[in-house]
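Written out below as structure tokens is the structure these notes cover.
The values are calculated or read from the model by the stated rules, or taken from the named source; none is laboratory data. Since this is a predicted model, take the numbers as computed values, not measurements. FYI the Cβ positions are ideal-geometry reconstructions off the backbone, even for glycines, and counts take in every protein chain you see. Surface areas here come from the heavy atoms of the whole protein model, side chains and all, with no ligands, DNA or RNA. Shrake-Rupley method; radii C 1.70, N 1.55, O 1.52, S 1.80 Å.
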Amino acid sequence: MTRIFSGIQPTGRKHLGNYIGAIQQYVAGQDRGEAIYCIVDLHAVTVAYEPAELRRRVLDTTALLLASGVDPARCVLFRQSDVREHSELTWLLTSVTAVGELNRMHQFKSKSAAQRELVGAGILFYPVLQAADVLAYRADEVPVGEDQREHIELMRECARRYNARFVPDGGTTGLVVPEHRIPAVGARIMDLQEPTRKMSTSIGGDEGRIYVLDEPAAILKKCKRAVTDSENEIRVGPDKPGVTNLVDILAAARGTSVEAALATLADARGYGDLKVAVAEAVTDMLGPVRERYEALRADEDAIEAALAAGAAKAREIAAVTLHDVRTAMGVGPLS
Ligand code: AQP
């Protein structure tokens, strides 16, 4: 059975890009294979943060996943720091990771430039931790948005190098080289105010991003104010980033192709109609999530219990990989 792994940060409020690029795929993954999802609190400490807020955000993000349809009965859902094997494997994988590759990562460049006081080494090592997250489970597939392509390529290279160096006979104790799985539509949702840049948690203002928990009125307002162009012609293409983004969002929210979404707009009177259609489709998609969220978030004991049960299952899998890696690398006694 295909093993699927993905991690999501407990930072900030999740936006439409996170929902379409990642969370929707998590829900679908539960029907396609053995799905393992984790809230990556160790990744969140690589930039400035508040400890009490981090703990709260983990619960927020877990409740959001549950409200979206991630079901602990059908997947393994846990908090990254509860499974110590991630940290240990990160260190071991540094032996097969080139510092030059880490230096070249776009996210490292942009996030280190954005730090005001301290550029922590964690920003540089972030992709190694991400590699350890996935490789610890010998996952076949990683459902994430287009922006993670570079990081997935790096983890694939880590796994290949590890196998070549430490499991040269190609035996079953090696690491699995995972595949990147990006959604057919909506792999890169753009900012509504600056449609040449991806919708992001850390860059841009609230008016450019729709939050998963936004009320319908806020969604409509943001869609109506979305930046388009002066043509009033509904078509997609690189010369029309604003309209292309809106049509992409419409297609992803309705679960159709871009062509099908465009066909339904044949009678539209212009961008006004397009924007209202987008707002309606997004509201229909996110409304049920928002309605379920409050009740789920209120029961912190239930969230913690679900995370603890998930961590126990995750640890069982990761411990086997760590045993193999330690043995192959000559770390610790033979067992
Ligand atoms: N604009 C996007 N379109 C499609 N997918 C996206 N993702 C992020 N932005 C878009 C996908 O969302 C997942 C969750 O990412 P995360 O919460 O773990 O990480 P993040 O990097 O903090 O989220 P952001 O919004 O991308 O924050 P910034 O811009 O601050 O780094 C990932 O699978 C990602 O591909």
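Which pairs turn up if I take residues in the range 1-21 that are of a type in the set (A, V, I, L, M, F, W, C) and look for partners that are assigned to a loop (DSSP other than H, G, I, E, B) with beta carbon separation below 6 Å, at least 6 apart in sequence or on another chain?
Taking only residues 6 or more apart or on different chains, the pairs are Met1/Gly33; Ile4/Gly33; Phe5/Tyr137; Phe5/Ala139; Leu16/Ile189; Leu16/Ile210; Ile20/Gly186; Ile20/Ile189.
What's the number of the only condition in (1) open to solvent by less than 40 Å² (accessible area, probe 1.4 Å); (2) touching a helix residue (DSSP H, G or I) at 6+ places or on another chain (Cβ under 8 Å) that Ala308 fails to meet?
(1)
On the given criteria, is Val83 open to solvent by less than 10 Å² (accessible area, probe 1.4 Å) and assigned by TED's automatic domain parsing to the domain that holds Gly310?
Yes: the conditions hold for Val83.
Is there a residue being outside any helix (DSSP H, G or I) and hydroxyl-bearing (Ser, Thr, Tyr) anywhere in the range 223-231?
Taking every residue of the range 223-231 in turn, at least one turns out to be outside any helix (DSSP H, G or I) and hydroxyl-bearing (Ser, Thr, Tyr).
Among what's in the range 34-58 and is open to solvent by 10 Å² or more (accessible area, probe 1.4 Å) and of a type in the set (Gly, Ala, Ser), pick the residue that is farthest from the ligand (Cβ to nearest atom).
Ala52
Being outside any helix (DSSP H, G or I) and either at pLDDT below 95 or surrounded by 13 or more Cβ atoms within 10 Å (Cβ to Cβ) (or both) narrows it down to one residue among Asp273, Asp267; which is it?
Residue meeting the stated conditions: Asp267.
Do you know which residues across the range 192-222 are assigned to a helix (DSSP H, G or I) and within 11 Å of the ligand (Cβ to nearest atom)?
Hit for the range 192-222 is Gly208, nothing else.
Could you run through the range 86-127 and say how many residues are within 16 Å of the ligand (Cβ to nearest atom) and either out of contact with any Pro (no Cβ under 9 Å at 6 or more places or on another chain) or more than 14 Å from Glu153 (Cα to Cα) (or both)?
Final tally of qualifying residues: 19.
Going by the structure shown, is Thr11 touching a helix residue (DSSP H, G or I) at 6+ places or on another chain (Cβ under 6 Å), farther than 18 Å from Ala131 by Cα and within 11 Å of the ligand (Cβ to nearest atom)?
yes
Check off (1) hydroxyl-bearing (Ser, Thr, Tyr); (2) more than 14 Å from the ligand (Cβ to nearest atom); (3) modelled with pLDDT under 95 for Thr228 and give me the number that stays unchecked.
Among (1) hydroxyl-bearing (Ser, Thr, Tyr); (2) more than 14 Å from the ligand (Cβ to nearest atom); (3) modelled with pLDDT under 95, the lone unmet condition for Thr228 is (3).
Okay, residues lined up against (1) at positive phi; (2) open to solvent by less than 40 Å² (accessible area, probe 1.4 Å); (3) not in a helix (DSSP H, G or I):
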residue	(1), (2), (3)
Thr90	no, yes, no
Ser95	no, no, no
Glu117	no, no, yes
Tyr126	no, yes, no
Tyr137	no, yes, yes
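Considering (1) outside the structural domain of Val289 (by TED's automatic domain parsing); (2) away from the ligand (no atom under 14 Å from the Cβ); (3) under 24 Å from Gln9 (Cα atoms); (4) in a loop (DSSP other than H, G, I, E, B), say which one Leu154 fails and leave the rest.
(4)
What number of residues within the range 1-30 are surrounded by fewer than 24 Cβ atoms within 10 Å (Cβ to Cβ), touching a Lys or Arg at 6+ places or on another chain (Cβ under 7 Å) and assigned to a loop (DSSP other than H, G, I, E, B)?
Of the residues in that region, 2 qualify.
Which one is nearest to the ligand (Cβ to nearest atom) among residues in the range 174-191 that are at pLDDT 95 or above and over 30 Å from Val320 (Cβ atoms)?
That would be Ile189.
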